[in-house]
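Asker: Got a structure for you, questions after.
The values are calculated or read from the model by the stated rules, or taken from the named source; none is laboratory data. All values derive from a computational prediction rather than experimental measurement. Neighbour counts are summed over all protein chains in view; Cβ atoms, including those assigned to glycine, are modelled from backbone coordinates with ideal geometry. Heads up: the accessible areas ignore ligands, DNA and RNA and are worked out on the full protein's heavy atoms, side chains in. Shrake-Rupley method; radii C 1.70, N 1.55, O 1.52, S 1.80 Å.
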Amino acid sequence: MTSAPTPVLRTERLEFLPYRPEHEDAFVALLRDEEVCRWMGQERVPEPQIRELFRAILTDVYPQRRFDVWGLWHEGVHVGHAEVKPTGNVDGHELVTALAPGHWGRGLGGEAVRGLLLHAADNLGLTEAYGMVGADNTASLAMCRRLGFRHVRDVVADDGSVTKLLVIPTREPGKPAAAENAGTATPAQDPV
């Protein structure tokens with residue numbers, strides 16, 4: 001459970017906005033997309049279940065401060081989803097991002113992860129964070145390597161699919177917060 005409300009964050013090009021009721025259709029559209037589901041390693045689920053999940057974010061996750069979750073916006077357009085939450089795979093927190101396919105290949109995924117890392121360090125006090133990436137998701141694995149993630153172990157599901165468990169320090173070793181590069185997350189004054 002986080003101690004503070006989920007903050008609004010901003011990077012060079014992205015706004016991380018805690019979800020509001022009017023974001024429901026954008027959330028549903030993202031999580032109903034076949035390609036997004038494939039790369040997130042999940043089955044497509046019926047729309048009513050996704051709507052129920054969205055409502056749970058508003059009525060349970062935020063009020064109970066279970067973890068931080070946002071919609072990602074670029075120039076006023078919903079482009080994805082992001083989370084920092086405790087993971088069941090190890091004792092730690094996992095970074096989760098998902099971008100709509102129309103926004104892939106523009107560096108927004110890496111920017112989102114860098115924003116989450118800064119939030120994890122500055123606002124949550126974490127020294128490292130984890131990622132779970134499907135073994136066949138070569139684009140995301142390449143991005144994680146560029147960002148400095150290292151492989152911890154493979155997690156094999158009952159169906160035989162493999163997910164790579166990765167870890168990264170929330171800050172570059174030896175760099176204080178002020179030395180972080182531009183394009184990192186800064187909290188805004190509109191917490192949920």
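Asker: Whole-Hz ³J(HN,Hα) for each residue in segment 48-54, computed from phi via Karplus 6.51 cos²θ - 1.76 cosθ + 1.60 with θ = phi - 60°, x for glycine and proline: what do you get?
Answerer: x, 5, 5, 5, 5, 4, 4
Asker: How far apart, in nm, are the 7 Å Cα→Cβ label points at E128 and R55?
Answerer: Roughly 4.0 nm, to one decimal.
Asker: Here's another thing I want to ask about it. Taking 8 Å as the Cα distance limit and 6 or more residues as the minimum spacing, I'd like the relative contact order of segment 103-178 as a percentage. Display every interim value, and only then the final one.
Answerer: On the way: 88 pairs, mean separation 25.9, N = 76.
Over segment 103-178, the number comes to 34 percent.
Asker: Leaving out ligands and nucleic acids, note down the accessible area per residue over the chain with a 1.4 angstrom probe, in whole Å².
Answerer: Values: 10060 Å² over 192 residues.
For the chain, the per-residue accessible area is 52 Å².
Asker: Which of rounded, prolate or oblate describes segment 49-121 when judged by the alpha-carbon gyration tensor and an a/c cut-off of 1.5?
Answerer: On the way: a/c = 1.95, a/b = 1.22, b/c = 1.60.
Oblate, since a/c reaches 1.5 and b/c is not below a/b.
Asker: Using protein chains only and a probe of 1.4 angstrom, how many square angstrom of L166 are accessible, to the nearest 10?
Answerer: The value for L166 is about 10 Å².
Asker: Once amide H atoms are built 1.01 Å from N in the peptide plane, which residues 5 or more positions from E128, or in another chain, come under 5 Å H to H?
Answerer: HN-HN under 5 Å from E128: T170.
Asker: Quickly work out the R153-to-V45 label distance, labels modelled 7 Å from Cα along the C-beta direction, and quote it in nm with one decimal.
Answerer: Modelled inter-label distance: 2.7 nm.
Asker: Just to check I understand the Karplus step: with θ = phi - 60° and J = 6.51 cos²θ - 1.76 cosθ + 1.60, what whole-Hz values come out for segment 110-122, glycine and proline as x?
Answerer: For segment 110-122, the Karplus-derived couplings read x, 5, 5, 5, 4, x, 5, 4, 5, 4, 4, 6, 6 Hz, x marking Gly and Pro.
Asker: Obtain the nm distance between the two label points defined at E75 and D136 by a simple spin-label model: each point lies 7 Å from its Cα along the Cα-to-C-beta direction.
Answerer: For the pair E75/D136, the computed spacing is 3.3 nm.
Asker: Just order 22-30, 44-52 by mean Cβ neighbour count inside 10 Å, highest at the front, would you? Before the final figure, lay out each step's value.
Answerer: Values: 22-30: 16.0, 44-52: 12.6.
Final packing ranking: 22-30, 44-52.
Asker: Sticking with this one: Under the rule a/c < 1.5 gives rounded, and otherwise a/b versus b/c splits prolate from oblate, where does the chain land using the Cα gyration tensor? Spell out each step's value before the answer.
Answerer: Details: a/c = 1.36, a/b = 1.04, b/c = 1.30.
Taking the square roots of the gyration eigenvalues as a ≥ b ≥ c, the chain is rounded.
Asker: Follow-up question, since we're still on this one. Relative contact order (percent) for the chain, with alpha-carbon contacts under 8 angstrom and 6 or more residues of separation?
Answerer: 26 percent
Asker: Could you check how much of the accessible area of the chain is carbon and sulfur, as a whole percent, using a 1.4 Å probe?
Answerer: C and S atoms contribute 49 percent here.
Asker: At 222 nm, what value in deg cm²/dmol follows for the chain if DSSP H runs of at least 4 each add -39500 (n - 2.57) and the sum is divided by all its residues, to the nearest 500? Please report the intermediate quantities before stating the final value.
Answerer: On the way: 5 runs with 51 residues, N = 192.
For the chain, the value works out to -8000 deg cm²/dmol.
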